[in-house]
Each structure stands twice: as structure tokens, then as C-alpha cells.
Amino acid sequence: MEPAARQSRLPDPARILVTGGAGFIGSAYVRDVLSRRDGTRITVLDKLTYAGNRANLARVESDGEQAARLRFVEGDIADPVVVGTLMDDVDAVVNFAAESHVDRSILEPEAFLVTGVIGVHVLLEAVRAQDAKGRHARFLQVSTDEVYGSVEQGHSKETDALAPRSPYSAAKAAGEHLARSYHVTYGTDVVVTRGSNTYGPYHHPEKLIPLFVTNAIDDGPLPLYGDGLQRRDWLFVGDHAGAIEHVLRRGVPGETYNIPGEAELANREVVERLLARLGKPWSLVRRVEDRPGHDRRYAMDGSKLHALGWRNRTSFDDGLAATVDWFVDNEAWWRAARSGDWQSYYDRQYGARLAASTEASRG
Ligand code: NAD
Ligand code: TDX
């Protein structure tokens with residue numbers, strides 16, 4: 001019998017290897033799971049790139065009971081030696097590790113491929129080696145709605161063809177194809193999730209919502225790409241982390257699950273709402289040169305995840321209010337995230353764009 005069919009339920013309490021657990025969504029997952037206080041043990045493996053931040057785990061590390069169930073290892077998922085040493089004692093691997101920003105993938109694609117393809121391969125090989133020793137581990141690959149490409153109308157279903165259009169989304173598509181191929185070829189117990197645009201506390205300030213909130217706090221310019229009518233489906237980070245945990249526990253081996261946010265909005269509507277929460281004027285918004293190959297719209301069908309028993313809990317208005325307020329209250333966190341290479345990245349991405357920007361019409 002294939003290992004995947006033999007066991008798809010995690011033992012209770014489980015031991016989970018969370019890769020990329022110091023990033024935005026991975027750290028939310030770690031905080032949520034450990035705060036249940038149900039005995040689950042987590043090892044975080046994180047390379048601490050510019051996007052990884054130990055401070056994202058400070059809340060659990062300062063709680064004795066939770067800290068005792070967390071181990072942090074700084075390292076690269078593409079390093080088979082490090083990965084091999086961590087795999088012995090785990091029941092599941094949840095792979096959040098990735099380079100995650102589309103604009104950076106356009107400037108410098110290579111790291112996206114190394115982590116998103118070779119890194120996933122190294123993790124899968126380590127899981128397969130465990131299976132060969134009779135020690136089963138489930139592998140969950142965290143993927144994205146961007147693998148479907150730009151969806152002009154309707155809602156993507158899990159069975160739709162993938163059509164990624166940026167180096168970021170192409171690497172993500174490759175990673176999940178590889179994961180499913182291990183299920184088919186070797187019987188590895190793999191599940192894949194495709195989450196939509198996620199937002200919330202601890203979101204790196206390079207992404208739309210936190211960039212615009214933090215720039216607006218400083219009365220700085222908000223660089224809106226093109227006409228600002230691109231559409232995204234917004235998913236609160238707590239719901240994304242919760243849905244991933246749900247799929248880890250209940251997902252069928254070999255299957256892929258969309259995680260929509262059920263809050264589709266044009267970018268300029270998102271900007272209007274965050275400015276209203278902050279009490280800042282629209283005049284901060286600048287129309288700048290568009291992102292090359294900019295996907296016009298993402299939208300996914302969530303019926304497969306609903307049938308598995310998951311429902312999101314946070315409306316966009318509540319989630320956005322909580323997010324804006326968190327950034328207002330946690331200035332030290334986001335100012336630290338805007339250190340290191342931040343200014344050189346910002347100048348490269350926005351310098352010429354802002355210099356040539358025009359007033360952004362409101363309508
Ligand atoms: P993030 O950039 O905030 O965090 C990524 C984390 O991975 C960081 O802690 C980083 O240090 C770590 N990392 C990067 N390369 C690594 C490597 N080679 N080895 C070990 N650790 C490494 O990203 P995020 O927004 O939290 O996204 C997490 C995952 O969710 C990614 O796989 C992303 O593709 C996916 N996703 C994100 C969104 C979103 O809107 N943010 C939506 C859908 C899916
Ligand atoms: O300065 C900006 N101006 C702007 O108009 C930035 C950073 C973004 N945008 C637009 C581009 C998109 O239409 O806002 C929208 C959202 O942009 P991002 O926050 O960069 O997210 P996106 O490219 O949609 O990808 C996100 O969701 C899917 C995550 O970054 C990915 O990791 C995830 O897979």
C-alpha cells in the first residue's frame with residue numbers, strides 16, 4: 001500500500017516542521033497553532049532573508065509554555081544537510097518558505113527559482129527518505145492564486161490549467177507541480193493550498209497594503225500602478241493560516257485546495273478604505289508606471305475548501321481596520337523592516353516611477 005493511503009491523519013499532538021515560519025503568514029500559523037496549547041511541537045526552519053524576522057515569533061518565545069514547544073533553526077530549505085537533520089522527528093512539513101514579492105521577482109528572479117524549485121525538491125526528497133524508513137510525514141506546499149495567471153472573468157477552480165505570468169508565480173507553479181509529482185510517483189503524502197492575496201499584522205511593508213499604510217502614516221507618496229483597477233481577492237492572515245491548518249488535518253492526499261478571501265476589490269477601492277481608516281487624504285496617491293506583465297485580476301472558487309468544512313471568519317472591513325491599527329501601534333516593527341537593503345530596493349523600484357508620477361484621479 002502507498003504511504004499516503006496508509007496514513008493521512010496526523011497524530012495528536014503532532015510535531016510539525018514549519019519552513020519560512022519567521023515570515024508573514026508562516027509566523028501567524030506558528031503563533032496560532034502554539035497558542036492552542038494542545039501539545040503540538042513546532043520546529044521553524046527559516047533562512048531569515050530580508051523578509052524573515054525573529055521578532056514575528058517574539059510573542060510565543062516570551063511565553064514559557066509555548067516557547068518550550070518551539071525550536072528555531074536558521075537555515076536554508078535548499079540545504080539537504082540541514083533539512084535532513086530536522087526530518088527525523090516530524091509528522092508533517094508545512095512549507096511557507098519562498099521569495100514572495102512579485103516586483104522583486106521582476107528585478108532579480110534567481111532566488112525565486114532556487115528556493116521555489118530546488119528548495120521544494122530538497123524538502124520532498126527528505127520526506128521521501130523518511131517514508132523509505134517507514135516514518136511517515138505529510139507535506140503541505142503553500143502555493144498561491146497567482147499560478148492561475150490573470151483571470152479576466154469567472155473564478156478559478158483547482159482543475160483549471162495553470163498559466164503563471166511572472167517569475168514569482170512561475171516558480172510557485174513549478175514548486176506545486178513538483179510536490180504533486182511526488183505523490184503520483186512515490187506515493188508521498190502531499191497536499192497543496194492556493195491562497196489569495198493575504199493581508200494583516202506583520203505584513204512586510206513592501207506589499208500594497210502595508211506599503212501604503214506606512215507611507216501614509218509618514219504623509220509620503222502612495223505609488224499606485226497604472227489605472228489602479230487591477231482586482232485582488234483579500235484574505236485575512238488569520239483565515240489563511242487557519243485554512244492551511246484545516247487542510248493539513250483534513251485534506252485528501254494528492255489534492256489541491258483554493259483558499260479565497262471572498263473580498264474581491266479593485267486596488268483603488270482598497271486604497272480609499274485604508275486612507276479613510278487612517279484619516280489621510282487621497283492626494284497622497286500618485287499614478288506611477290505599471291508593473292510589467294501586471295495580472296489584471298485574481299479570483300478563485302472556494303467550494304472544494306467549503307466542502308472540507310472550512311469557512312473564513314474575518315470580513316475585509318474588520319480585517320483592514322485591525323491591520324491599519326496594528327501598523328499605527330507597531331511603528332518600531334515596521335521601521336525596523338524598512339532598514340537594511342530597504343532604501344536601495346525602494347529607490348530601484350520607485351525612484352524613477354515617483355519622479356515621473358502624475359496625480360491619481362479619484363474616479
Ligand atoms: P514572506 O516573504 O513574508 O516570508 C517568507 C519566509 O520564508 C521568510 O521568513 C524568509 O526568511 C523565509 N525564506 C525565504 N527563502 C528561504 C529559504 N531558502 N529557506 C528557508 N527560509 C526561507 O512571505 P509570506 O507572504 O508569508 O508568504 C508565505 C508563503 O505563502 C509563500 O510560499 C508565498 O508564496 C505564499 N503565499 C503568500 C500570499 C501573500 O499574499 N502573502 C498569498 C498566497 C500564498
Ligand atoms: O507599490 C505598489 N503599487 C501597486 O499598485 C505595490 C507594491 C502593488 N501595487 C498593486 C499590484 C497589485 O495589483 O497592488 C496589487 C497588490 O500587489 P502586491 O501587494 O505586490 O501583491 P500581489 O502582486 O497581488 O501578490 C500577493 O498576493 C499573492 C503576494 O505578494 C504574493 O506572495 C501572493 O502569492
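Hey, does the range 62-70 have a residue that's under 21 Å from E176 (Cβ atoms) and either part of a helix (DSSP H, G or I) or within 16 Å of ligand 2 (Cβ to nearest atom) (or both)? The answer is no, given that none of the residues of the range 62-70 is under 21 Å from E176 (Cβ atoms) and either part of a helix (DSSP H, G or I) or within 16 Å of ligand 2 (Cβ to nearest atom) (or both).
If you filter the range 274-295 down to residues that are part of a helix (DSSP H, G or I) and surrounded by 14 or more Cβ atoms within 10 Å (Cβ to Cβ), you find that the one that is nearest to ligand 1 (Cβ to nearest atom) is L274.
Selection of the range 71-82 for residues being open to solvent by 30 Å² or more (accessible area, probe 1.4 Å) and either in a loop (DSSP other than H, G, I, E, B) or within 16 Å of ligand 2 (Cβ to nearest atom) (or both) yields D76, D79. Kindly indicate the residue of the range 33-61 that is of a type in the set (G, A, S) and within 23 Å of P210 (Cα to Cα) and also farthest from ligand 2 (Cβ to nearest atom) among those meeting that condition. Selected residue: A58. Inside the range 302-311, can you point out the residues that are under 19 Å from F236 (Cβ atoms) and open to solvent by 40 Å² or more (accessible area, probe 1.4 Å)? Passing the criteria: H306, G309, R311. Being open to solvent by less than 20 Å² (accessible area, probe 1.4 Å), at pLDDT 95 or above and either farther than 30 Å from E331 by Cα or within 12 Å of ligand 2 (Cβ to nearest atom) (or both) is a property that G154 lacks. The set of residues in the range 178-212 that are in contact (Cβ under 8 Å) with a residue 12 or more places away in the chain, farther than 30 Å from D325 by Cα and away from ligand 1 (no atom under 13 Å from the Cβ) comprises L178, R180, Y182, H183, V184, Y186, G187, T188, D189, V190, V191. When we screen T40, T19, T85 for residues that are among the hydroxyl-bearing types (S, T, Y), open to solvent by less than 40 Å² (accessible area, probe 1.4 Å) and free of Cβ contacts under 8 Å to residues at least 40 places away in the same chain, the only hit is T40. Among the residues of the range 253-273, those that are under 25 Å from P201 (Cα atoms), within 16 Å of ligand 1 (Cβ to nearest atom) and in contact with a helix residue (DSSP H, G or I) (Cβ under 9 Å, 6 or more places away or on another chain) comprise Y257, N258, I259, P260, G261, E262, A263, L265, N267, V270. Any residue that is open to solvent by less than 50 Å² (accessible area, probe 1.4 Å) and closer than 21 Å to K304 by Cα - is there at least one of those in the range 119-138? So far as the range 119-138 goes, yes, one or more of its residues are open to solvent by less than 50 Å² (accessible area, probe 1.4 Å) and closer than 21 Å to K304 by Cα.
Residues checked against (1) among the small types (G, A, S); (2) more than 16 Å from ligand 2 (Cβ to nearest atom); (3) within 25 Å of D32 (Cα to Cα):
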position: A171; (1), (2), (3): yes, no, no
position: A174; (1), (2), (3): yes, no, no
position: L178; (1), (2), (3): no, yes, no
position: H183; (1), (2), (3): no, yes, no
position: V192; (1), (2), (3): no, no, yes
position: S196; (1), (2), (3): yes, no, yes
position: Y199; (1), (2), (3): no, no, yes
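Table: residues versus (1) open to solvent by 50 Å² or more (accessible area, probe 1.4 Å); (2) at pLDDT 95 or above; (3) more than 16 Å from F139 (Cβ to Cβ).
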residue: Q7; (1), (2), (3): yes, no, no
residue: D12; (1), (2), (3): yes, no, yes
residue: S27; (1), (2), (3): no, yes, yes
residue: R31; (1), (2), (3): no, yes, yes
residue: S35; (1), (2), (3): yes, yes, yes
residue: R54; (1), (2), (3): yes, yes, yes
residue: V60; (1), (2), (3): no, yes, yes
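Any chance the range 205-216 includes a residue that's open to solvent by less than 10 Å² (accessible area, probe 1.4 Å), hydroxyl-bearing (S, T, Y), farther than 14 Å from G254 by Cα and more than 9 Å from ligand 2 (Cβ to nearest atom)? Within the range 205-216 (the criterion being open to solvent by less than 10 Å² (accessible area, probe 1.4 Å), hydroxyl-bearing (S, T, Y), farther than 14 Å from G254 by Cα and more than 9 Å from ligand 2 (Cβ to nearest atom)), the answer is yes, since at least one residue qualifies.
Quick check: anything in the range 40-59 within 14 Å of ligand 1 (Cβ to nearest atom), part of a loop (DSSP other than H, G, I, E, B), at negative phi and in contact with a strand residue (DSSP E or B) (Cβ under 8 Å, 6 or more places away or on another chain)? Yes: one or more hits.
The values are calculated or read from the model by the stated rules, or taken from the named source; none is laboratory data. Computed from a prediction, not measured in an experiment: that's the story for all the values here. As a convention, Cβ positions derive from the backbone with ideal geometry for all residues, glycine included, and neighbour counts pool all protein chains shown. Heavy atoms of the whole protein, side chains included, go into the accessibility calculation; ligands, DNA and RNA do not. Shrake-Rupley method; radii C 1.70, N 1.55, O 1.52, S 1.80 Å.
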